[in-house]
1. When only the heavy atoms of the protein chains count and the probe is 1.4 Å, how do Ile277, Ile64 rank by accessible area, highest first?
2. Just need log10 I(q)/I(0) for region 348-429 at q = 0.17, 0.18 Å⁻¹, Debye formula, equal scatterers on the alpha-carbon atoms, no solvent, rounded to two decimals.
3. What accessible area per residue comes out for the chain, rounded to a whole number of Å², with a 1.4 Å probe?
4. How much of the accessible area of the chain, probe 1.4 Å, is carbon plus sulfur, in whole percent?
5. Between the helical axis of 70-87 and the dominant principal axis of the chain, each derived from Cα atoms, what acute angle in degrees is found, rounded to the nearest 10?
6. In region 2-42, whose amide N lies under 17 Å from the spot 7 Å out along Cα-to-Cβ of Ala114? List them in ranges.
7. Sort out for me the Cα centre separation of region 336-393 from region 141-183, rounded to whole Å.
8. Reported to two decimal places, what Rg/Rh ratio describes region 316-388 when computed on Cα atoms with Rh from the Kirkwood expression?
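The values are calculated or read from the model by the stated rules, or taken from the named source; none is laboratory data. Small disclaimer: the values here were computed from a predicted structure and weren't measured. Note: ideal-geometry Cβ built from the backbone for every residue, glycine included; neighbour counts use all protein chains shown. With ligands, DNA and RNA removed, areas are computed over all heavy atoms of the protein, side chains included. Shrake-Rupley method; radii C 1.70, N 1.55, O 1.52, S 1.80 Å.
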Amino acid sequence: PLSLALWPATYLAGFTWLGVRLSLPGGIASMGAARVTEDGIAEPARRVLYNLFPESLRARASGILEGPVYRLGGVLGNGLVLVALAVASAQVIGYAAMPAAAIWFGAALVLWRAYPGLLLQASADRGLVGLGADKEELLDARTVRVLAPSLVDADPRACRAALDLIVEAEPALAAELLAEAVEGAPEATRPQLVDALHRLVEPHAPGALRAPQAASVLAGTLSGESQLLPEERADLLQVYARLTGGEAASGALQEESNQLLERALGDREAAVRLAAIAELHRRGRPPPGVPDLDTALAEALAGRDVLIRRTARKELRAMLLSTEPGGRWERRLALLAGRLDQRADRAGAAEALVEVARHHREATRPCAEAVLRRAEDPDSRVRAAVLSFAGHARVSEAAPRLVAALGSRHGGESASARGALVALGPEAVQPLLLEYEFGAPAHRD
């Protein structure tokens, strides 16, 4: 919106110039500047701003604004010019047009001020999926910071809308805002903020994403008396350790984070202790009695404690996302896939494997058979995750199953099937064409 304001600003300057001194060079310069501003700045800005309209109204709004409104304005403007020339001199045109240009400029500034709220509403109504590169233009740093107070809104819908936007921003800035929000968030919405922060950080290799301010906030949250749930403390400890930079951190920060992790070894919750053990292993400081991290994770996954199994799954997911495939990577992938045999862990393990498949594609094929065996699982979360995995892991033989799932009555499964077919790429075309040509008429759309 602020770049869009350059268009009326150019007209305002040009009409002021023509009002003070009417001349041919002034007219040529003003006209040229206005045309360049319209074609080079205003036109792209308008295309981005149309994303704020509800999807059902966007084409209509674009047609009305670009057609009748735009043309009507041109007709009225030309008519007023002819009237001015008939009753006064040409120089009067500049003075007469200045108030209109000033009002136009003021309207653009009002839109700029209201823009973050409009963006939040648009996201809450329909999300911003599919915008591609436009999303970066929509989410500049100022807009993201203006949206941040909505993260601690007691209304879960407002919190979710702001969260969906902020996680798409520059990672270090998003981590900082989410960490600050966790500290003051109500209990009803804090779990989704913690989960979003964890998912934002874990694909980055330890030390690759530096956010000292976010790490400082999390250190205070973990060391204070905040009423965090055990699983939230475990997740935030994992996030904190990665944001500090690990062994690559500066001397004072490294010492401070090592001390916090060593204190966490004495936490009353086993899940928090496991998170500290895993990070200390990554830093080359294995705690006494825990010589091998993979063995510790395998033992945690085999235990009866639900929270410690959850933390072990998240540690495996984070390590698989942030490292490259190899021998140890494949053993960890098999360890995670092995949890599909346990009903209590199946949904969490399947969804973790989907995230790994999004990042590593065909490298996850060794566990494809174990995942696809769960395609008829009673749990809809598991079925949806199986469909997503098949697409992102490029399991082409599963394409007919994905096409069939497009007609599922369960919304999560049909959405997962659509996303999986897009991820599968050209190999999905033949099964789609066959279903479209010979399948049930109800499924063709």
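1. Working: Ile277 30, Ile64 80 Å².
Order by accessible area, largest first: Ile64, Ile277.
2. Debye output, listed in q order: -0.53, -0.60.
3. Details: 22200 Å² over 445 residues.
Per residue, the chain has 50 Å² of solvent-accessible surface.
4. Details: 12890 of 22200 Å².
The value for the chain is 58 percent carbon and sulfur by accessible area.
5. Computed tilt is about 20 degrees.
6. 2-5
7. 30 Å
8. Working: Rg = 11.2 Å, Rh = 12.0 Å.
Looking at region 316-388, the ratio lands at 0.94.
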